[in-house]
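Novice: Below you'll find the structure I mean.
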């Protein structure tokens, strides 16, 4: 969403300048003053180059964000995606000169104010043996430094957020469940006496023999979980594998689905929340979370069901023929 918004500003940069300039000249009020402030900010090449820098980095992260926010995602794929993103972001460090050349031509065409050069500074005498020399950063070197700082912050953020023991453990567990050749020792080391290592390996191999005979293929933990849900006899027969899956499901992880649920709840808890019962709030939350299903429902059938529940409604409203 942020990337799309930034691209929209960049694509309509000239139109925004024209609109803000005209608006600030015709409206002599608070809105006109704000428009004039925005116009002066957008008129500078400093704003344009920063916008260009952010977009050049965000465009590589947009696809990753979309994939990681999906409802179903296997651990192995998420690791591969994040590693690819880290490599891509790291390779951007040496591409600033291309970005600067492109931005310089574009802000010249837009007739923006050139970037301001940093003021000259003198080195402390203690570093120059009594000889003071002034030095300064050119606009290109200044934004090159900012560009690399942004990249470094992103890489450190990815390392801090995603490189954890839990993620590594879940990836190893998924590989064990998918590939019959991998030993279950890492799981048993983690859960110790909760799982019988020999029995778990036997049931894992039996599971793969069963699905192979049925022509099924598993490539993720979600596939195995769905097979267990649809084939209840496996739950009864492969008890140790079932126990392993149950333990894996208790590992504390977070997804964007739950985060979106909290955001949705904040939107629902508006002024009307003071007169809304908990039951109604729950119903609204369900409709909001499962809006795709809600939009596919036939409102005529729902309306008829609502009318038929009460004699007063039947006497007041008319049923719709379906």
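The values are calculated or read from the model by the stated rules, or taken from the named source; none is laboratory data. Owing to the predicted nature of the structure, the values given are computational and were not obtained by experimental measurement. Counting neighbours? That spans all protein chains shown, and the Cβs are built from the backbone with ideal geometry, glycine included.
Novice: Could you tell me whether any residue of region 228-241 is farther than 18 Å from residue 78 by Cα, modelled with pLDDT of 80 or more, out of contact with any helix residue (DSSP H, G or I) (no Cβ under 6 Å at 6 or more places or on another chain) and buried (at least 18 other Cβ atoms within 10 Å of the Cβ)?
Specialist: No, because not a single residue in region 228-241 is farther than 18 Å from residue 78 by Cα, modelled with pLDDT of 80 or more, out of contact with any helix residue (DSSP H, G or I) (no Cβ under 6 Å at 6 or more places or on another chain) and buried (at least 18 other Cβ atoms within 10 Å of the Cβ).
Novice: So how many residues does region 75-105 have that are touching a helix residue (DSSP H, G or I) at 6+ places or on another chain (Cβ under 7 Å) and either closer than 30 Å to residue 45 by Cα or at pLDDT 85 or above (or both)?
Specialist: Selection size over region 75-105: 11.
Novice: Are any residues in region 88-110 loosely packed, with under 13 Cβ neighbours inside 10 Å and not in a helix (DSSP H, G or I), and if so, which ones?
Specialist: 95
Novice: Condition check: over 27 Å from the mean Cα position of the chain (by Cα), in a loop (DSSP other than H, G, I, E, B) and surrounded by 15 or more Cβ atoms within 10 Å (Cβ to Cβ). Does residue 187 satisfy that?
Specialist: Taking the combined requirement at face value, the residue does not satisfy it.
Novice: May I pose another question? Within region 8-17, is even one residue in a helix (DSSP H, G or I), in contact with a helix residue (DSSP H, G or I) (Cβ under 7 Å, 6 or more places away or on another chain), farther than 27 Å from residue 148 by Cβ and outside the structural domain of residue 139 (by TED's automatic domain parsing)?
Specialist: Taking every residue of region 8-17 in turn, at least one turns out to be in a helix (DSSP H, G or I), in contact with a helix residue (DSSP H, G or I) (Cβ under 7 Å, 6 or more places away or on another chain), farther than 27 Å from residue 148 by Cβ and outside the structural domain of residue 139 (by TED's automatic domain parsing).
Novice: Taking region 11-31, which residues are surrounded by 15 or more Cβ atoms within 10 Å (Cβ to Cβ) and either farther than 18 Å from residue 113 by Cα or within 32 Å of the chain's Cα centre (by Cα) (or both)?
Specialist: Result: 13, 16, 17, 23, 24.
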